[in-house]
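These notes are about the structure you will find just below.
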Amino acid sequence: MDKNPTKLDYHDDMWRLQSTAILLSHFKGDDGRHGLILDRTVFHPQGGGQPADTGFVHVHGFENKFVVHDVRSKDGIVFHYGSFENLGGDFVPTLEKGKGVSLFVDEARRKLNSRLHSAGHLLDICLPKIGLGHLEPGKAYHFPDGPWIEYKGVISQNEMQNKPKDLEIEANALISMGGKVSADILPYDEAAKLCGGCLPDYVPKESTPRILRIGDNSGCPCGGTHVVDISDIIQIKVYQIRSKKGLTKVFYNVES
């Protein structure tokens, strides 16, 4: 199995849905799933609170397309899991290393994931605007079935009653104004400057982090996919804020 890191093409272009690559390895796991390792990919693997892209891979010279159901990353290597269309479950095709492949990401799923992910960052930006700047970013869960963001810190019972609507109004006001969204891989010092002067402790000082910018706001490290413009989020609905045991959760969704 190849040990070189997979080149992440979506880092260079978050809105790209098709690409080409070279097949490095094909295997069948104990769970019966087929797996492909490529030298590069446009598929976003599950991680950072964002679910994996789905779609399909066409191996050049092979008739049956490979339907991608799940994508995972381990030690820098991206694994594309799925099945070959119209093949029996026990049949394992022989795919030669070095073959060219074409990748096609499901557009609707990518767009929804990008809207949800961008909406979460926008809510981070809006918290200080409604008097909740003391909450520190924690983990986020941007899956379509129930997106939420968890912050370190608590708010009062009265604020939990009033702040969801305030947060929703503030976020949708920024959406209506619009603004460019970008992500760039930068030297550590330059990245820190864009992120308010410092980066989280989990970002190694010798690294070149990928920094997300939403409009003219301060940047933040992020490896996910996002919308082209803030207005592409369309509309945010904040359903609830819960606060207990030193943590506050904001539950939201995006609407058309």
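With the Kirkwood sum run over all distinct C-alpha pairs, segment 179-256 has a hydrodynamic radius of 14.4 Å. Here, segment 67-124 has an Rg and a Dmax of 16.1, 49 Å when only alpha carbons are counted. Convex hull volume per residue, computed on the Cα atoms of segment 13-82, equals 104 Å³. Against the chain, whose longest principal axis comes from its Cα atoms, helix 107-126 is set at around 30 degrees. The residue list Leu23, Val203, Ile230 was ranked by how far each Cα lies along the charge dipole of the chain toward its positive end, using unit charges on Cβ atoms, and Val203 comes out on top. With 31 Å as the limit on Cα-Cα distance, the pairs of Lys28/Lys205; Lys111/Lys249; Lys7/Lys180; Lys180/Lys249 that go past it are Lys28/Lys205.
A Cα-only calculation for segment 1-147 places Rg and Dmax at 17.6, 60 Å. Computed over the Cα atoms of the chain, the ratio of the radius of gyration to the Kirkwood radius (Rg/Rh) comes to 1.02.
Note on segment 6-27 and segment 76-153: Cα centroid distance 15 Å, given to the nearest whole angstrom. Only protein heavy atoms count here; on that basis, with a 1.4 Å probe, Lys129 has an accessible area of about 110 Å².
Computed over segment 89-162, the P(r) curve from all C-alpha pair distances, binned at 10 Å from the origin, holds 14, 31, 21, 15, 10, 9, 1 percent per bin.
For Lys65, the aspartates and glutamates whose Cα falls under 12 Å of its own Cα, not counting residues fewer than eight places away in the same chain, are Glu85. With viscosity set to 1.567 mPa s and temperature to 4 °C, compute the Stokes-Einstein D of segment 129-207, Rh being the Kirkwood radius across alpha carbon pairs; µm²/s, no decimals. In µm²/s, the coefficient is 83. Charge dipole of the chain (Cα centre as origin; +1 on each Lys and Arg Cβ, -1 on each Asp and Glu Cβ, all else neutral): 460 debye, rounded to the nearest 20. Per the Debye formula with a single identical scatterer at each Cα and no solvent contribution, what log10 I(q)/I(0) holds for segment 131-173 at q = 0.28, 0.32 Å⁻¹? With one equal scatterer per Cα and no solvent, log10 I(q)/I(0) is -1.17, -1.13.
Ordering of 216-223, 56-63 by packing is 216-223, 56-63, highest average first (other Cβ atoms within 10 Å, averaged per residue). Highest average first, the peptides 111-117, 80-86, 25-31 ordered by how many other beta carbon atoms sit within 10 Å of their residues are 111-117, 80-86, 25-31. For the chain, the longest principal axis of the C-alpha atoms and the axis of helix 157-177 are separated by about 60°. Between the residues Leu174, Thr94, Ser73, the greatest Cα displacement towards the positive end of the dipole of the chain, with unit charges on the Cβ of Lys, Arg, Asp and Glu, is found for Leu174.
The values are calculated or read from the model by the stated rules, or taken from the named source; none is laboratory data. Just so we're clear, the structure is a prediction, and the values are computed from it rather than from any experiment. Using ideal geometry, Cβ is built from the backbone for each residue, glycine included, and neighbour counts are taken over all protein chains shown. The protein model used for the area step is the full one, side chains on, heavy atoms only, and it has no ligands, DNA or RNA in it. Shrake-Rupley method; radii C 1.70, N 1.55, O 1.52, S 1.80 Å.
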